[in-house]
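This report refers to the structure that appears directly beneath it.
The values are calculated or read from the model by the stated rules, or taken from the named source; none is laboratory data. Because the structure is predicted, anything quoted here is derived from the model rather than measured. Note: accessible area is taken over every heavy atom of the protein model, side chains too, but ligands, DNA and RNA are not part of it. Shrake-Rupley method; radii C 1.70, N 1.55, O 1.52, S 1.80 Å.
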Amino acid sequence: MKLNNRNLLILSLGALLSAAPLAQAIADTRQAKGSVERNEARQAGNLLDRAVAHLQRNGPAQSLAAFNDRKGSFVDGEYYLFTLGLDGTMLSSNGASRALVGLNVLDLRDAAGKPFISEIIDKARTADNGVVAYHWLNPVDNRVENKVSQYRKVGEHILAVGYYIPRASAEQARRMLDKAVALMKHTDAEHAFKAFNDPQGGFVTNDEYVFVIGLEDGKYRASGASPNLVGVDVREVSDAAGTPLFKQMIALARDKGTGTVDYVWRNPATNAVEQKHTLIQRFDDVLLGVGYYSPN
């Protein structure tokens, strides 16, 4: 690719918008935010529907002016609309890519080097709506996170709204498990289980949570993602691939005291079934577990 001034600007801004905060994202230590059930896709879809209706009703000139209004109705925290031309020109944005409005961004890549703009345009040429996943800067917390953008093609314009999907790492899961074991050592089981089951107790963060299972009866003592499961015997539960994951966890805890079990499970942050890896640690007659989902 021949690098002219435009290409250099796109590459420089792309690096700034997508890669600079990556180390900070990996070192994420945010506190629990409450319920792990997320409705980003629905909120993003609602904003996209409103933008499509506005464009169809008012035409491109008036709509693009409204879409670029930073105090207008097409930006709400981490949710914002961006608009592309079929040639790759960024026509509007109120997110981190606002600096690229008016430029051709066909060569723009995310933090992992994925040419996500060209993917959006390629998909829009054959399907009027769809989704594209990539890694991008979240303007709310200034971190690079997994992002999914829904797009809709209206005439010569592609409208898109994305939502961020925080995803815990193996290191974060290990830190939370160590923190949970430390609490078990310094307080009684009843108070520890109460903290694990409390969305505000510091042991539920986005797609990451602590659960506790009895080694003898196979019953949940705590489950940060679903406290209503407390008391349920899960020994006969298998994942979507038929893996008897809880029996494996119990056997591993009894045999070695610690380890990792791999399976597929619903991610409460995305509501999708994904590959999951759970770190387990035995403590007296229970096992504690914290899982993390494979990166996209």
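From the alpha carbon centroid of region 220-296 to that of region 93-170 is 33 Å.
Taking all protein chains into account, the per residue accessible area for region 116-243 stands at 42 Å² (1.4 Å probe).
Projected onto planes of every orientation and averaged, the convex hull of the alpha-carbon atoms in region 113-157 covers 3.5 nm².
Taking a straight Cα-Cα cut-off under 21 Å and skipping sequence neighbours fewer than 8 places away in the same chain, the lysines within cross-link reach of residue 276 are 147, 179, 219, 247, 256.
The tail of the calculated P(r) for region 168-221, taken as Cα-Cα distances beyond 19 Å, holds 26 percent of the pairs. In region 210-270, Rg over Rh equals 0.94, where Rg is the alpha-carbon radius of gyration and Rh the Kirkwood radius from pairwise Cα distances.
Given a 1.4 Å probe and every protein chain left where it sits, what share in percent of the accessible area of region 128-240 is carbon and sulfur? Whole-percent figure for carbon plus sulfur exposure: 50.
Computed over the Cα atoms of region 99-236, the ratio of the radius of gyration to the Kirkwood radius (Rg/Rh) comes to 1.17. A cut-off of 5 Å between modelled amide H atoms, ignoring neighbours fewer than 5 places along the same chain, links residue 112 with 135.
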